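Notes follow the structure.
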Amino acid sequence: MYYYGSKTSNNLRDIANPQAFWLKYFTSSKRVHQLIEEYGAHTFEIQHIKKFNTKVAARNWEAIFLQRIDAAHRPNWLNMHNCDKKFVNISHSEETKIKIGKSNTGKIVSEETRLKQSKNGKLLLGEKNPFFGKKHTEEAKKKNGLAHLGNTGRRGTTASEETKIKLRLSHLGKPSGNKGNHYSEEVKEKMRQSRILYLERKRNQ
């Protein structure tokens, strides 16, 4: 059985990196996920075909490839469609985003899934991380900045009292992530300088 798919992201450190594939991202295919549940992720053989610089290029190539072999109508392929026009170069409408958000609200991740995510995440720590020792180029920084332009996150919003209580309870008994860690003088100086720049920007706004 075969399956062809692509992974794209605006985040330069995201799991779209080929070296991280099949550790955190396992495609969006329900058929593939069913097989993973039944036989395990280790039973799949993964092959990276191409790497693209843009989402459009990746999706267009996926459509060309699937339509060329007509994967949707082949019994030995798991793809349910050939990336027809309605699947290429589209983004979710605000209405769809709201529906997706509501459908995920209240979902609780099982302890087993959390352990799997934790285990997979540890496989990319330190030198094992594909980005270890690398730095973003100025061009990449600009692209990333433009991609997130206008994204204010939760700025200007206030958590409800119910949410505050839930957050407080979820952290009870958990030690601080920095407990026992000691910053070097170099790191302390960087933090000081960063804070000074932040305060200067706020004063000039």
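For T157, are the conditions met, namely being over 27 Å from T54 (Cα atoms) and under 25 Å from the mean Cα position of the chain (by Cα)? The answer is yes for T157. The numbered conditions (1) small (G, A, S); (2) exposed (fewer than 10 other Cβ atoms within 10 Å of the Cβ); (3) at pLDDT 75 or above are all true for S176 except (3).
Could you give every pair whose Cβ atoms fall below 8 Å, whose first residue belongs to region 159-185 and is in a loop (DSSP other than H, G, I, E, B), and whose second residue is surrounded by 10 or more Cβ atoms within 10 Å (Cβ to Cβ), counting only separations of at least 6 or pairs across chains? That search, which allows pairs on different chains as well, returns A159/L167; Y183/M191.
Exactly one residue among N144, N129, N151 is at pLDDT below 75, surrounded by 10 or more Cβ atoms within 10 Å (Cβ to Cβ) and either under 19 Å from the mean Cα position of the chain (by Cα) or among the aromatic types (F, W, Y) (or both), and that residue is N129.
Here I90 does not fit the description of being in contact with a Phe, Trp or Tyr (Cβ under 6 Å, 6 or more places away or on another chain), among the aliphatic types (A, V, I, L, M) and either modelled with pLDDT of 80 or more or not in a helix (DSSP H, G or I) (or both).
When only residues in region 52-79 that are surrounded by fewer than 11 Cβ atoms within 10 Å (Cβ to Cβ) and either at pLDDT 80 or above or in contact with a strand residue (DSSP E or B) (Cβ under 8 Å, 6 or more places away or on another chain) (or both) count, which is farthest from L35 (Cα to Cα)? It comes out as R68.
Residues in region 179-192 that are surrounded by 10 or more Cβ atoms within 10 Å (Cβ to Cβ) and not charged (D, E, K, R): Y183, V187, M191. Of all residues in region 104-115, those satisfying the criterion of being assigned to a helix (DSSP H, G or I) and either more than 19 Å from the chain's Cα centre (by Cα) or modelled with pLDDT under 80 (or both) are N104, E111, E112.
The values are calculated or read from the model by the stated rules, or taken from the named source; none is laboratory data. Please read these numbers as outputs of a predicted model, since none were measured by experiment. Neighbour counts are summed over all protein chains in view; Cβ atoms, including those assigned to glycine, are modelled from backbone coordinates with ideal geometry.
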